[in-house]
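Here the structure is laid out as structure tokens; the discussion comes afterwards.
What follows is calculated from the coordinates using simple rules that are stated; it is not laboratory data. Values in this document were obtained by computation on a predicted structure and should not be read as measured data. Note that each Cβ is placed from the backbone with ideal geometry, even for glycine, and that neighbours are counted across all protein chains shown.
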Amino acid sequence: MAVTDTLFAAAREAMALCHAPYSKFPVGAAILAEDGRVYKGANIENLAFPQGWCAECTAIGAMVMGGARKIREIGVIAEKMAFCPPCGGCRQKILEFADAETRIHLYDGAGAVKTMTMDELLPFSFQTDTIDKG
């Protein structure tokens, strides 16, 4: 099975577990991490907007808690929008654990995919290597 197929299936599974009673906009994400494992996440809303969190953020949290620190590829699917891109905040969160060439796969409901690199998704991004880590 191709990586894009694996991430599509995992993102769909995650989307089915979302908690979106307010927006009614389910989203799922799946990360292929450096350790070869796939980590899933769904959007989880809270009545106190914007206190909920996005599917990508949930998947990143699962990845970090699983011990991985590097995103090799990530897939995102939304039930009501084909090729739903990560929001601006999630783009920066993904970049924290990715690099310019990390592939981002956006799916429609039938499994068609649009793929881009992190650099294409978030050009001119804020780079963490500019921060003095000393």
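Computed from the C-beta positions of ALA110 and ASN46 and an R0 of 30 Å, the FRET efficiency is 0.45 to the nearest 0.05. Solvent-free Debye calculation, one equal scatterer per alpha-carbon of segment 1-75: log10 I(q)/I(0) at 0.11, 0.20, 0.26 Å⁻¹ equals -0.26, -0.75, -1.08. With the biggest extent put first, the Cα atoms of segment 3-130 measure 39, 32, 28 Å across the principal axes.
Our helix-only sum for the chain, with -39,500 (n - 2.57) per DSSP H run of n ≥ 4 divided by its residues, gives a mean residue ellipticity at 222 nm of -8000 deg cm²/dmol. Legend: calculated FRET efficiency, ALA16 to SER125, from the Cβ-Cβ distance at R0 = 30 Å, rounded to 0.05, equals 0.45. Between PHE25 and GLN92, what's the calculated FRET efficiency when r is the beta-carbon distance and R0 is 25 Å? Round to 0.05. Once rounded, the FRET efficiency stands at 0.75.
Backbone phi angles across segment 38-51, fed through the Karplus curve with coefficients 6.51, -1.76 and 1.60 (θ = phi - 60°), yield HN-Hα couplings of 9, 10, 10, x, 10, 5, 10, 8, 9, 4, 7, 4, x, 6 Hz in residue order; Gly and Pro are listed as x. Among residues other than MET63 with Cβ under 14 Å from its Cβ, the summed charge is +1 (Lys and Arg +1, Asp and Glu -1).
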